[in-house]
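A.B. asks: Following this message is one structure expressed as structure tokens.
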Amino acid sequence: MMKYLFLVLFVGTFCSDMICNAQPENKAYLEMKLAKYAKMKKKGTILLIPGGVFTVGGIVLLANADWTSTSDVYGNTSYSSSDPSAFAGLLCTLAGVALTTTGAVMAIVGSNNQKKYTDRLKNLSFTPLVKPNQAGFMLTYRF
């Protein structure tokens, strides 16, 4: 009797997790997810463009700034600038790298998930089932 109780608890633990986390695989749900990831891909691509412009512009500003070098007694050299374009170049470069990284991640994740949900949507079919003694709907999913 105790063996059966442990078996039921063991199987119930795994099955309850699967049942609680199950998402409905209907067409409306898949289309909603597909639209969400298509938007994510588009927004990521849009972020890539200003990110690249800011990065290149910041590097150009940093390169054209006036820099002074100072050395200490140990031979270590440091560079500093009082030119405002150096500070602007640093800010533009940091903002550009952040925008580019965020845009690339969003575009890649959106593209991969858009493809995944497009494939799922192609494999899901919902058809009416009409027979002389029966009426209903048939939901099929191809793996």
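The values are calculated or read from the model by the stated rules, or taken from the named source; none is laboratory data. Keep in mind the model is a prediction, meaning the values are calculated, not measured. Cβ coordinates were reconstructed from backbone atoms using ideal geometry, including for glycine residues, and neighbour counts include every protein chain displayed.
A.B. asks: Sort out which residues of segment 53-78 are of a type outside the set (Gly, Ala, Ser) and either under 37 Å from the mean Cα position of the chain (by Cα) or surrounded by 10 or more Cβ atoms within 10 Å (Cβ to Cβ) (or both), and write them in order of number.
C.D. replies: Matches in segment 53-78: Val53, Phe54, Thr55, Val56, Ile59, Val60, Leu61, Leu62, Asn64, Trp67, Thr68.
A.B. asks: Hey, another quick one. Note down all Cβ pairs under 9 Å where the first residue falls in segment 116-136 and is modelled with pLDDT of 75 or more, the second is part of a strand (DSSP E or B) and of a type in the set (Ser, Thr, Tyr), and they're at least six residues apart or on different chains.
C.D. replies: Arg120/Tyr141
A.B. asks: What pairs come out if I take residues in segment 83-95 that are buried (at least 16 other Cβ atoms within 10 Å of the Cβ) and pair them with residues that are among the aromatic types (Phe, Trp, Tyr) whose C-beta lies under 7 Å away, six or more apart or interchain?
C.D. replies: Cys92/Phe54; Ala95/Phe54
A.B. asks: So which residues in segment 16-70 are of a type in the set (Phe, Trp, Tyr) and modelled with pLDDT under 90?
C.D. replies: Tyr29, Trp67 - these are the residues of segment 16-70 that are of a type in the set (Phe, Trp, Tyr) and modelled with pLDDT under 90.
A.B. asks: Separate question: Determine whether segment 31-43 contains at least one residue that is acidic (Asp, Glu) and not in a helix (DSSP H, G or I).
C.D. replies: no
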